[in-house]
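What follows draws every value from the coordinates through simple rules; no lab data is involved. What you see is a predicted model, and the numbers here were worked out from it, not measured in a lab. Counting neighbours? That spans all protein chains shown, and the Cβs are built from the backbone with ideal geometry, glycine included.
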Amino acid sequence: MRLKLYILFFILFLIFSGNNVFANKFNQSEISGNSIWFFILTAILILGIFILWKYFKKNKSEIYTHKNKLIQDIENIKNQIEELNLHSDDWKKERIHSIQQDLSNLSVNIKALEQSLSISKKNTRKNSLLLSNISHALRTNLNDILGFSSLLKDEFALKEEDELYEYSENIWKSGESLLHLLNNIIDISRIEAKTFSLKKQNCNINEIIDELIKEYNSKADQKGLKIVKQIDNPVPEFSIDVQALKHILSNIIDNAIKYTDKGFIKIKINVEKESIVMVIKDTGMGIDKAYLNDIFEPFRQHSLGYSKTTYQGAGLGLPLAKQMLELMGGKIQLESEKAVGTTVTITLPLTKTVSTKKDVEKSPQKVKKIKKYQLKAPIKKLVIIDTDFLNNMLIRKMLPESIQVLFFGSIDELHEAVRKKEILINDIELFILNIDIENDDNGNELLKKLNKISNKEKRLNVIAMVSTHIPGLDKKMHKYGFMSYIEKPLSKQILFQSIEEALAKNHSI
């Protein structure tokens, strides 16, 4: 288009220039000599007029074509608008119906999800209740086995019956292993069900390590092993779940002793930036590198090439340690080489202490040995409130025959006996009351109910008996008002120590 205009302007320019030349020639009376110019200019003029005519004709045709197309498009749009206006109500209704259908489907899906969630919660509660009931039943029987085997050990030791003592020792060890396995299974189940809660308190790691070394020294001595500790720099107190940390370290140290036949177990503690690093190294049998990827999977002991008869256990120690550490914000790493040894590295955040006071939990039932287990405190009458017949029998066997022991399955049974004047509550010097320590209100309510039976203003002398240890047990027992507490499985020395502690406190009130 632009090229055509340029040509047109060029032709016009030539025409006007030619006219000027023609005029000049004419004025000079040179028409006859330059007559050729007239014809040339006339031809050019005719050609220019023809080009202009063709251009405007073509342009006019294109304009009309474009115009007709626009008119057609306008007509189509008008038709579409009219059609939309005609069907807009139907379209709106259809669209509204579609949206309502989507909302209805969404509501059905939400209800289905809510129902699934409700069923899941019910199943979780049922599983939790089932686990609690099973664990309570298993713990009760295992505690009875451990208690009686401990009593048999004492009796056979006094009678110097070496073979029978060894039998009872094996029974006790088997019961301990089963109880340890049960506790691990329950803890893993709680972690996976997200019902495992951490209770932070101030921790002195040096004291905890010393306590664990003291606890495992006898086991290490039996295999000729040495447990040593190395602390490169002072470790400040930090806040953590002390009981969970003890559980983790116990599992790792126990594994180190179990899989080490000669050499040592070294525990190294160091502070790096904002973390505390604990390294537990042994010179044991080690683990082949091919199995290291599965080391933190539960029940993988057999797949790692260990013989069940040589190395007993279910392989839950390390998986449980890993899951607990992750809850605490820590991590665990393991390096091992076959026939050389294993190194376990634990890293924990060095969190601030929860208070300025030292409230590191004391190890439960770490009591001084009572020589020949003689009960020094004078006592004549004792009441045991517990439904576990075997445990009651065990306590009766442990106590001197001079003490009158009465058994009741519940506080209501005791109350009925007092009401019928079968016994005088004021004559009872000591009560041993079994409580469910995992239920926060159980111990407190039972103690209040027991104290109501007495007409004395002074509170009764009561020892709590628990099946499970939890963090802060000392403080909780003191808060409830118990004079002392004992943990199952029972031993003679622990029972006697708790009785003497309770009687001493009662006399000081």
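Just to confirm a number: summing +1 for Lys and Arg and -1 for Asp and Glu over residues other than K266 whose beta-carbon lies under 12 angstrom from that of K266, what do you get?
Net charge in that neighbourhood comes out at +3.
Ordered by packing density, taken as the mean number of other Cβ atoms within 10 Å over each peptide's residues, highest first, how do 154-163, 324-333 rank?
324-333, 154-163
Rounded to the nearest 0.05, what FRET efficiency is calculated for I403 and K229 with R0 set to 56 Å and r the Cβ-Cβ distance?
0.80
For the range 288-296, just list the computed ³J(HN,Hα) in residue order, Karplus coefficients 6.51, -1.76 and 1.60, θ = phi - 60°, integers in Hz, with x standing in for Gly and Pro.
Each residue's phi maps through the Karplus curve to give 5, 4, 5, 9, 5, 5, 9, 5, 9 Hz.
Suppose each label sits 7 Å from its Cα in the direction of the beta carbon; what would the S98-N444 distance come out to in nanometres?
6.0 nm
With 25 Å as the limit, write out which pairs from K376/K397; K420/K475; K194/K322; K153/K376; K381/K492 have Cα-Cα distances beyond it, or answer none.
Over 25 Å Cα-Cα: K420/K475.
Please work out the ratio of the alpha-carbon Rg of the range 201-349 to 2.2 N^0.38 Å and round it to two decimals.
1.01
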